[in-house]
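Just so you know, all these numbers are worked out from the coordinates, no wet-lab data involved. The structure displayed is predicted, hence computed values, not measured ones. Cβ atoms come from the backbone with ideal geometry, glycine included; neighbour counts cover every protein chain shown.
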Amino acid sequence: MGEFNFYTIFNKKRQQTPNFTPYIFAGIGILNHDPYVRYGGQRVRLNPLRLEYDEISNPTIYSTWNMLLPFGVGIKHNLKNSWAIGAEISYRLAFTDNLDNVSKYYATSIPQYLRVPNVEIKDGDVTRKFGIEDWEYLADPSGNLFTNAGLARGDGKTKDGYMTIGITLTYSILSTDCFSWRK
């Protein structure tokens, strides 16, 4: 990521510069995601279940590695010498529509090569193996899977994203003189 500070706050010769600075930042990154749900007391990964389809009969399986573009704004305040505290808000635009495993269309049939996870599901006092009825529920929890078959499952956007708000504590490992272009 690159960051642009509007003022110089790490400057020993600070005469009339403020001890805070607003800043903007942007960059490029790599994202690894693997959506899952807690189901029947177990963690069930969603990608291998192929819960949605690209088209009428093609189950979707997607890469868990994707590019993303982080960008945002913030403000920093110089505490003492090389230390600064700040707050920022950022948005991460992912080059995938599968962060939440919701993208294309409701399944139209059970995938031919469905790999049922080897997990035990707890229904009250009974423990059983994950089965086709569990797959149908995860594909459409409303219970209308075959009524909704082929209909849009997501919001129509082709990219997911997420926003973060944070507090930062920064320590500059370089000399405070190198941050100032002033003589």
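Take each peptide in 111-117, 60-66, count the other Cβ atoms within 10 Å of every residue, and average; sorted highest first, the result is 60-66, 111-117. Whole-Hz Karplus values for the stretch 92-105 come out as 10, 8, 8, 8, 8, 10, 10, 4, 9, 6, 10, 8, 9, 10 Hz, taken residue by residue from phi with 6.51 cos²θ - 1.76 cosθ + 1.60 and θ = phi - 60°; glycine and proline positions read x. The calculated 222 nm mean residue ellipticity attributable to helices in the chain amounts to -1500 deg cm²/dmol, summing -39500 (n - 2.57) over DSSP H runs of n ≥ 4 and dividing by all residues.
Got the relative contact order for the stretch 26-135 handy, in percent, Cα pairs under 8 Å and 6 or more residues apart?
Details: 173 pairs, mean separation 32.7, N = 110.
The normalised contact order for the stretch 26-135 reaches 30 percent.
Each of S109, S82 was scored by other Cβ atoms within 10 Å of its Cβ. Arranged with the fewest first, they read S109, S82. Between the amide H of Y105 and those of Y53, R153, distances stay under 5 Å, these residues lying 5 or more places away or on another chain, with hydrogens modeled in the peptide plane.
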